[in-house]
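As structure tokens, the structure follows; a few thoughts come after it.
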């Protein structure tokens, strides 16, 4: 195997991680500047134009009032799912292979959520009044409508963002402390503050363990609820093909699916560019591949069920919506989605595929393209075919929308690039835990207990 | 006068053993510092209990109640009938309840963690134990396992040093003097 | 009344679904499709009354025209044996409106007269109400609209001009209802008389296909029209309890 | 060695101080704006003729509706015509330079281009008729106009954030001429709402009640359009 973790020493990890934070090559700066410039050009400038001109800058029209902005919102929320959720599940089930990758997975969660929250701002018509959706006392004596599925979303995403932030921060405190002693200048100040004076005493470890476990237990049902609630934005409507009971599990599975694929991508990048080859190994790709396979089968199953129930119901609206999705204007996208998300992941059945890095990267990207398509189709096909044929329409994204979609990826990359220089992107103490603890060195090893 | 005698060990077993003997020698409960959570601490130094679960429970209950009340009371304050539904509707308000249960559960868990672990370090000492210095060895964050003994007299300092050395400490330090 | 009684009373009141039914009016409309010729006079009247913008060629081709009331056209048969069915479609003012529940900021809600109302300047533009509406009668302002002089002089002062990013829809000409109530108060009357208030479309309809009135009053013209055996509601199976009732077109067999 | 975070905090002292001062400054400024200063945003436009309400309504006790005749029968209170002015000023103070300006307009058969002070945004529907007929004094909303040489109004961006709606909700009866409660109030939704919540209409008059209801104009469409 490539890089035996057991041969590593505690100090090696320490050095590697500190190096990843402190030593910054020109490539990093080039990447950061490029990502930031792309964020500005592709994301913020079109958005400002849209703020000035109105939502009309996007391609939405009368029946299709929702478009790629909402699809991006679901996509990013979905991508956020596996990070913290997976990390919590694996923490509770004591899966040691989680430990090398969970920090960056959680960061993915956090930044995806941030991007998703920004997408809400991009989506709404008057973002300058978005605070009206938050409950706060005001002179109008108006409160948000807590009966609205959209407000469930507001509450759920706020909670999830808070929870994920706290979770990733809590897990990093010992690592901040470890990095603190190795840095100087402004970094030392920053890490001193962020580590809160952590010393690594037995009491602190004990408290951290319990707090962390409680957080994990709280966050698992939260994460499930978040994407269920996102699905209810659609399922609570009476639009054919959206008003489905299966939507909540469908969205949750889809979210974990695309999120897991996202983790594979991020793992690959970290491994390649941060020299973490010793920590992120074939073992991780193997396990993630298995997970992808299971999730793809689940996802396919739910898709089949959706199509089957729609077909079997024979209701005119359902049949029409189904026909349109499978054979209508957007049909190529549908079959592309099926290819990428249902058929391609079957390759993960082979171990040789799972343990090779580049094919896994390609597959993970393909899955996420497919999953984005899924979200787009949910919005586009359902809205353009509703009950009254006279109000049927067609929705094609405009240049502004496509630019903003690309810009979200640049935004995410920018945030992630900043993250790897601030947070130890591999959890040091947990990787150390997975290794064999040092044995007594031969010369000092005389007696175990004092006479 | 307060002195901290800290012994550095290369492996967790000897550190634990040393801690055990410090305790049996009536030098108070030593503090262990390690780069990873150590297993078997509770067997040696006695069981640890934390108040975090009470914080979590309180937070969850508080959040749940306040979540439902937030939704119900604000709806009644300025009633806007929607969709032929009652003003106080259970299914949607239970979702709000659920979310706020978790939100406050999380927030209070963190508060509980800070309280019980006495972090952030520095603020706590400033509040209620002005003179307390907490010993720290940077190596304990990397690859060493440290046992810190709080001593109040020179006698106990020597005794602790002796115990630590016999237990196989690679180095024994008096941390207060350094400070 | 003791404190506890007040609490229970308030609880009951807030748990009774749709308590707006207790209020004075329950506005409704019937449209006789037998009399409707699909001329579109109502569409124009609505446009003039409610400050609807002319969106322009560009926005029109993108499918963004704003017509609170539209005539839906359904063609039957193959050329030359074709038949045109028309149905005027506007906000149905559903009593169980799906659009109302979804608004996160209560910009749309059910008012005391049984109207589904929209407060334009509360709207933040999530557009979810338009998705939830099965009748597709909610229209979104994709950008700001302007009226060139002297067209701006004909804007109705009782209806606000909507800015970009807000949703709008048919209001049953609520400004006229308000005016009628105001006049009734001046006359010392408690209620508005039947026929006293007419939305612009009803007023304009040349074939008198549309009838508007208070459903709570069993003597009103609209109540009697509602009892017509030809009456039906569009998409009634969705349980929206709409307030607009159509009277079916009667055709000869074959 | 100590791992307290205080040294780190100390090294950030300047930055922390600036941040704290800025935050505190914003809040304090905000509150001063609301609580201490009398009129945060006074809008008192220049009129073509320096008309004094103090002389007319205050010193000479001319009732408001003598000139604003439309208030009791139409949504808008109305501005008196030049005819109304000349009705008195044919006889009264004809030599004053200000009145000469009025008579100039009169002779040229031109209306005086008064500037509207009390204005509401486009989305608000307000009718003077209902309020005047319910016996609500003009000062309830307009403030003590009879003491003002120049009409001013405390206006604020209607969509802006507001910490408190300082409405007392006391309706002034037509008989009392005490200083209006709305001196520091802004024309915002809370002002209207508070009054509507606390009053009911009995026999055409506004009466204060403790338990306001949904039926007394709390419907959004009472005031929005």
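The values are calculated or read from the model by the stated rules, or taken from the named source; none is laboratory data. The structure displayed is predicted, hence computed values, not measured ones. All Cβ positions, glycine included, derive from the backbone under ideal geometry; neighbour counts span all protein chains shown.
What number of residues within the stretch A:159-172 satisfy the criterion of being at the interface with chain B (Cβ under 7 Å from one of its Cβ atoms) and buried (at least 24 other Cβ atoms within 10 Å of the Cβ)?
Of the residues in the stretch A:159-172, 2 are at the interface with chain B (Cβ under 7 Å from one of its Cβ atoms) and buried (at least 24 other Cβ atoms within 10 Å of the Cβ).
Would you please name the residue that is surrounded by the fewest Cβ atoms within 10 Å (Cβ to Cβ), looking only at residues in the stretch D:193-209 that are within 11 Å of another protein chain (Cβ to nearest Cβ) and more than 15 Å from residue D:141 (Cβ to Cβ)?
Checking each candidate, the answer is D:203.
Looking for something within 28 Å of residue C:39 (Cβ to Cβ) and outside any helix (DSSP H, G or I) - is there at least one such residue anywhere in the stretch C:174-193? Steps first, please.
We begin by selecting, within the stretch C:174-193, every residue within 28 Å of residue C:39 (Cβ to Cβ); these are C:174-177, C:179-180.
Filter once more, so that each one left must be outside any helix (DSSP H, G or I): none.
For the stretch C:174-193, residues within 28 Å of residue C:39 (Cβ to Cβ) and outside any helix (DSSP H, G or I): absent.
Consider residue C:106 against the criteria (1) touching a residue at least 24 places away in the same chain (Cβ under 8 Å); (2) at positive phi: it satisfies all of them except one. Which criterion is unmet?
(1)
Taking the conditions exactly as written (in contact with a helix residue (DSSP H, G or I) (Cβ under 7 Å, 6 or more places away or on another chain), closer than 30 Å to residue D:197 by Cβ and at the interface with chain A (Cβ under 7 Å from one of its Cβ atoms)), does residue B:96 satisfy them or not?
Here the answer is yes, as residue B:96 does meet what is asked.
Identify all residues within the stretch A:173-218 that are surrounded by fewer than 20 Cβ atoms within 10 Å (Cβ to Cβ), within 7 Å of chain B (Cβ to nearest Cβ) and either in a loop (DSSP other than H, G, I, E, B) or over 29 Å from the mean Cα position of the chain (by Cα) (or both); write none if there are none.
A:203
With respect to residue D:74, determine if the residue is touching a residue at least 12 places away in the same chain (Cβ under 8 Å) and farther than 30 Å from residue D:219 by Cβ.
The answer is no for residue D:74.
If I ask for residues that are touching a helix residue (DSSP H, G or I) at 6+ places or on another chain (Cβ under 8 Å), more than 8 Å from chain A (Cβ to nearest Cβ) and either assigned to a loop (DSSP other than H, G, I, E, B) or more than 28 Å from residue C:33 (Cβ to Cβ) (or both), which ones from the stretch C:110-124 would you list?
Answer for the stretch C:110-124, where residues must be touching a helix residue (DSSP H, G or I) at 6+ places or on another chain (Cβ under 8 Å), more than 8 Å from chain A (Cβ to nearest Cβ) and either assigned to a loop (DSSP other than H, G, I, E, B) or more than 28 Å from residue C:33 (Cβ to Cβ) (or both): C:111, C:112, C:113, C:114, C:115, C:119.
Could you please give the count of residues in the stretch B:106-119 that are closer than 16 Å to residue A:162 by Cα and either touching a strand residue (DSSP E or B) at 6+ places or on another chain (Cβ under 8 Å) or more than 8 Å from chain A (Cβ to nearest Cβ) (or both)?
2
Let's see how each residue does on (1) facing chain A (nearest Cβ under 7 Å); (2) assigned to a helix (DSSP H, G or I); (3) at pLDDT 85 or above:
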site	(1), (2), (3)
B:28	no, no, no
B:60	no, yes, yes
B:65	no, yes, yes
B:82	yes, no, yes
B:87	no, no, yes
B:104	no, yes, yes
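When the stretch A:102-152 is examined, which residues are found to be within 8 Å of chain C (Cβ to nearest Cβ) and under 25 Å from residue A:248 (Cα atoms)?
A:123, A:124, A:133, A:144, A:145, A:147, A:148, A:149, A:150, A:151
For residue B:43, which of the numbered conditions (1) closer than 30 Å to residue A:14 by Cβ; (2) touching a helix residue (DSSP H, G or I) at 6+ places or on another chain (Cβ under 9 Å); (3) crowded, with 24+ Cβ neighbours inside 10 Å fails to hold?
Of the numbered conditions (1) closer than 30 Å to residue A:14 by Cβ; (2) touching a helix residue (DSSP H, G or I) at 6+ places or on another chain (Cβ under 9 Å); (3) crowded, with 24+ Cβ neighbours inside 10 Å, the odd one out for residue B:43 is (3).
Looking at (1) part of a loop (DSSP other than H, G, I, E, B); (2) within 25 Å of residue A:415 (Cβ to Cβ); (3) within 14 Å of another protein chain (Cβ to nearest Cβ), which is the one condition that is false for residue A:241?
Failed condition: (2).
Scan the stretch C:125-145 and give yes if some residue there is part of a loop (DSSP other than H, G, I, E, B) and away from chain A (no Cβ under 14 Å), otherwise no. Quick ask: steps written out before the conclusion?
Pass one, the stretch C:125-145, residues part of a loop (DSSP other than H, G, I, E, B): C:125-127, C:133-138, C:141-145.
Those still in the list that are away from chain A (no Cβ under 14 Å) too: none.
Looking for residues that are part of a loop (DSSP other than H, G, I, E, B) and away from chain A (no Cβ under 14 Å), one finds none in the stretch C:125-145, hence no.
Just to be sure, is residue A:288 surrounded by fewer than 19 Cβ atoms within 10 Å (Cβ to Cβ) and under 22 Å from the mean Cα position of the chain (by Cα)?
It is false that residue A:288 is surrounded by fewer than 19 Cβ atoms within 10 Å (Cβ to Cβ) and under 22 Å from the mean Cα position of the chain (by Cα).
For the structure I just gave you, tell me whether residue A:73 is crowded, with 17+ Cβ neighbours inside 10 Å, within 14 Å of chain C (Cβ to nearest Cβ) and either in contact with a helix residue (DSSP H, G or I) (Cβ under 9 Å, 6 or more places away or on another chain) or not in a helix (DSSP H, G or I) (or both).
It is true that residue A:73 is crowded, with 17+ Cβ neighbours inside 10 Å, within 14 Å of chain C (Cβ to nearest Cβ) and either in contact with a helix residue (DSSP H, G or I) (Cβ under 9 Å, 6 or more places away or on another chain) or not in a helix (DSSP H, G or I) (or both).
Restricting attention to the stretch A:48-70, which residues are buried (at least 20 other Cβ atoms within 10 Å of the Cβ) and in a helix (DSSP H, G or I)?
The answer is A:50, A:55, A:56, A:57, A:68, A:69, A:70.
Any idea which residue in the stretch C:82-104 is farthest from the other protein chains (Cβ to nearest Cβ), counting only those that are under 17 Å from the mean Cα position of the chain (by Cα) and in a helix (DSSP H, G or I)?
Here the answer is C:99.
Within the stretch D:140-154, is there a residue that is away from chain C (no Cβ under 14 Å) and farther than 30 Å from residue D:208 by Cβ?
Looking for residues that are away from chain C (no Cβ under 14 Å) and farther than 30 Å from residue D:208 by Cβ, one finds at least one in the stretch D:140-154, hence yes.
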